[in-house]
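Below: one structure, written as C-alpha cells.
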Amino acid sequence: MQMSLEVVLLPVSDVDRAKEFYRAKVGFHVDLDGDVMPGVRIVQLTPPGSGCSIALVDGLQVPTGTPQPGTYHGLQLCVTDAKAAYEELTARGLDVTEPQQFAPQDGATFMYFTDPDGNGWAIQEYRRRESEPLHKVLADLAARGE
C-alpha cells in the first residue's frame, strides 16, 4: 500500500488572518476557501512546488482531538537558496530569522518563523533539490521498487 501526505490541519484562532498571512507573507497559493459542509469552512493553501498543503479550518470537530492554535512546531519547508528565500520573504514582510548554517554540508542551513498564532516553521536550504526535485527522486525510487 502506498500513502501520500497531502494535507496537514493547522490550528489557528482566526482563519481569515491566517489565510492572509500564509498567502501574502509566506507566498502559499490558496487552493480552496469555502464551506465543505454546514458550519465547516476550510481554507487549503499550498507552498509553491509542494505536494502537501495546509488546511485552516473553522467549525470542524476532529475525532482524534482538536489541536490548539500555536501548538504546532517543527513544520518544515525546503528551498534551494536560503539567502534568496530570506530576501523574498522579508520583502513580503515576513519576520523570519536570517539563515544560519549549522554545518558545511547541504541541508544544514535553516531559518525560522512563526505565524500569528505562534505555530513554528523551519525553512531548510537543500540545494540538491534544484537538480533533484523530491517528486522525481520519489518516482525513481518507486520505479526501482524501493
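The values are calculated or read from the model by the stated rules, or taken from the named source; none is laboratory data. Since we're looking at a predicted model, the values are computed, not measured. Counting neighbours? That spans all protein chains shown, and the Cβs are built from the backbone with ideal geometry, glycine included. To get the accessible areas, we keep the full protein, side chains included, count just its heavy atoms, and leave off ligands, DNA and RNA. Shrake-Rupley method; radii C 1.70, N 1.55, O 1.52, S 1.80 Å.
Among the numbered criteria (1) part of a loop (DSSP other than H, G, I, E, B); (2) touching a helix residue (DSSP H, G or I) at 6+ places or on another chain (Cβ under 8 Å); (3) open to solvent by 60 Å² or more (accessible area, probe 1.4 Å), which single criterion is violated by Val12?
(3)
Look at Leu75 and say whether it is modelled with pLDDT under 95 and either part of a strand (DSSP E or B) or farther than 20 Å from Tyr126 by Cβ (or both). Walk me through it before giving the result.
Details: modelled with pLDDT under 95: no; either part of a strand (DSSP E or B) or farther than 20 Å from Tyr126 by Cβ (or both): yes.
It is false that Leu75 is modelled with pLDDT under 95 and either part of a strand (DSSP E or B) or farther than 20 Å from Tyr126 by Cβ (or both).
Can you tell me which residue among Ala103, Ala84 is part of a loop (DSSP other than H, G, I, E, B), farther than 23 Å from Leu5 by Cβ, modelled with pLDDT of 95 or more and of a type in the set (A, V, I, L, M, F, W, C)?
Ala103
So is Asp117 under 19 Å from Glu20 (Cα atoms), open to solvent by 30 Å² or more (accessible area, probe 1.4 Å), touching a Gly at 6+ places or on another chain (Cβ under 6 Å) and not in a strand (DSSP E or B) or not?
The answer is yes for Asp117.
Filter region 92-141 for residues that are of a type in the set (A, V, I, L, M) and touching a residue at least 24 places away in the same chain (Cβ under 8 Å); which is nearest to Ser50 (Cα to Cα)?
Here is the first cut: in region 92-141, the residues of a type in the set (A, V, I, L, M) are 94, 96, 103, 108, 111, 122-123, 134, 137-139, 141.
Now narrow it down to the ones that are touching a residue at least 24 places away in the same chain (Cβ under 8 Å): 94, 96, 111, 122-123, 134.
Details: Leu94: 20, Val96: 20, Met111: 18, Ala122: 15, Ile123: 13, Leu134: 9 Å.
Top of the filtered list is Leu134.
Hey, does region 75-91 have a residue that's over 23 Å from His29 (Cα atoms), open to solvent by less than 40 Å² (accessible area, probe 1.4 Å) and more than 15 Å from the chain's Cα centre (by Cα)?
Scanning region 75-91 turns up no residue that is over 23 Å from His29 (Cα atoms), open to solvent by less than 40 Å² (accessible area, probe 1.4 Å) and more than 15 Å from the chain's Cα centre (by Cα).
For region 22-72, please list each of the strands (runs of 3 or more DSSP E) lying entirely inside it that holds at least 3 residues being open to solvent by 40 Å² or more (accessible area, probe 1.4 Å).
29-37
Any residue in region 12-30 that is closer than 18 Å to Arg92 by Cβ, out of contact with any Ser or Thr (no Cβ under 6 Å at 6 or more places or on another chain) and at pLDDT below 95?
Checked region 12-30: no residue is closer than 18 Å to Arg92 by Cβ, out of contact with any Ser or Thr (no Cβ under 6 Å at 6 or more places or on another chain) and at pLDDT below 95.
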